[in-house]
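Notes to accompany the following structure.
Each reported figure results from applying straightforward, stated rules to the coordinates on display, with no laboratory input. Because the structure is a prediction, the values reported are computed rather than measured. Virtual Cβ from ideal backbone geometry, glycine too; neighbours counted across all protein chains shown.
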Amino acid sequence: MAGSIDEELDIPYYEIPPTYDEFLKNHLIPNKPCIIGPSFTHSWKANKEWVVPNDNNNNNNKSTQHQPKYKPNYKHLSQQYGTAQGQVARCNKRHFTDQERTEMSFADFCTRWQEDDGKPSLDYLKDLHLQKTFPDDRFYTVPDLFEDDWLNEYWLQQKGDDDYRFAYFGGHTTFTPLHADVYKSYSWSSNVCGIKKWTMFPPGQESLYQDKFNNAVYDVRDIDSTQFTKFNQTKKIEIYQKDGETVFVPSNWFHQVENIGAAISINHNWINASNLMFTYASLRKDWNDCKHAIEDLQDTMSPMEFLQECQNLLMVHSGWDWRIFLNMIAHVVANRVKQPSVPANQPDLTWQMDRIDEVLTQWKKDEPRLIEYFENNNLMSVYTQLQLDMSSIRK
Ligand SMILES: O=C(O)CCC(=O)C(=O)O
Ligand SMILES: [Fe+2]
């Protein structure tokens, strides 16, 4: 095969998990996916208590390759977690780029889920903050390869506001439409039961699955070729992630996910030094969109007032802004200074500082008023402390 996209279509499968150094070198830094076999998460309580062997073949999928080994232990799940509240997507109802969602208790969802029990279903409970709701229930532990997670490290120390640790529960044929992850973060997804069919697109082909207004394809199984005229030129890969397997999803790889059989997964979104530049670029793009949206106001206020207005809009539109981005980096670096020994499962600290420096340099280049913005928003002490911490790490 020739050409870089073709090379990226070859996704490695690790029966035995790679070492951290291999994972860093072959996946985090080059931004390439992989699948890791069930031994990786074998010890999770979820993998033992949440599932039972799947002896019915309700999903009518006779191909043995696509027959889940396990199915949910509905009763146990409903008893344990019934009080959690979550958003259930109706998979036949499109809502802009996503699906219509209804708030529901986990117990009510389980009732419907069990009724469908492996038959085609429309209800998909997504993005459930189950670990946050039940902090003392250690139903899984973050695998060591994914420990260096600045997004959750930051948010979890902000006293429970938010986190990016999710559980997904869906019936047979439920799906997640084509998307790239929030803030162009990485994600990892471990299947507890069911099979997930992933359709993944290596980055760099966005123009092939976007229309002339930059709207992306919604469902790769249903393409209007008059709207998406170049879709058939895309290079994509299909993966069947079976019970117990884990998929690493790199930054900015568009993907669609379809469930085969009743499926449960644990997923995190995560950021660290290796994809910080991707995340910054995503924030930068959202920021530019905000600026364009209110450019008419630009002449009615001072440049700093305009910048502030754009930040307010960015917060509403994207759920974060420059303050949060700076605070996240500063917070993580401060934690590294406090650490008594060289942390495991992280790149070399100097290498991490170099990546942060690159992002800060780019940020200042893109926004000449950045320091003034920090000064006006009580962020100068955070920025100065970050500089001090970075130089103390480099010593
Ligand atoms: O499992 C799904 O339906 C979606 C998962 C996903 O998009 C992700 O982990 O990034
Ligand atoms: Fe995703």
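Quick notes on this one:
- Proxy reagent accessibility, fewest Cβ within 10 Å first, across 361, 279: 361, 279
- Tensor-based shape of region 192-304 (alpha-carbon gyration tensor, a/c under 1.5 rounded, otherwise prolate or oblate): oblate
- Added length on full extension, which subtracts the Cα-Cα distance from 0.36 nm per residue, residue 141 to residue 316: 59.8 nm
- Placed amide H near residue 71: partners under 5 Å, 5+ positions off or other chain: 52, 54
- Extension gain, residue 48 to residue 298: 0.36 nm times the residue separation minus the Cα-Cα distance gives 84.2 nm.
- Counting neighbouring Cβ atoms within 10 Å and putting the fewest first, the residues 55, 108, 354, 148 line up as 55, 354, 108, 148.
- Taking other C-beta atoms within 10 angstrom as a stand-in for reagent exposure, 260, 324 fall in the order 324, 260, fewest first.
- 5 angstrom amide H check on residue 253, placed H, neighbours 5+ away: 181
- Each residue, residue 93 and residue 15, gets one label point 7 Å from its Cα in the Cβ direction; the gap between the two is 4.6 nm.
- Principal-axis tilt of helix 349-366 within the chain, Cα atoms, nearest 10 degrees: 70
- About its Cα centre, the dipole of the chain is roughly 760 debye, where the only charges are +1 on Lys and Arg Cβ and -1 on Asp and Glu Cβ.
- Once both labels are positioned 7 Å from their Cα atoms along Cα-to-Cβ, the gap between residue 132 and residue 362 label points is 2.7 nm.
- Potential lengthening between residue 308 and residue 75 on full extension [0.36 nm per residue; Cα-Cα distance subtracted]: 78.8 nm
- Taking the C-alpha atoms only, the angle from helix 380-394 to the longest principal axis of the chain is near 80 degrees.
- Degrees separating the helix 303-318 axis from the principal Cα axis of the chain, which is the longest one: 10
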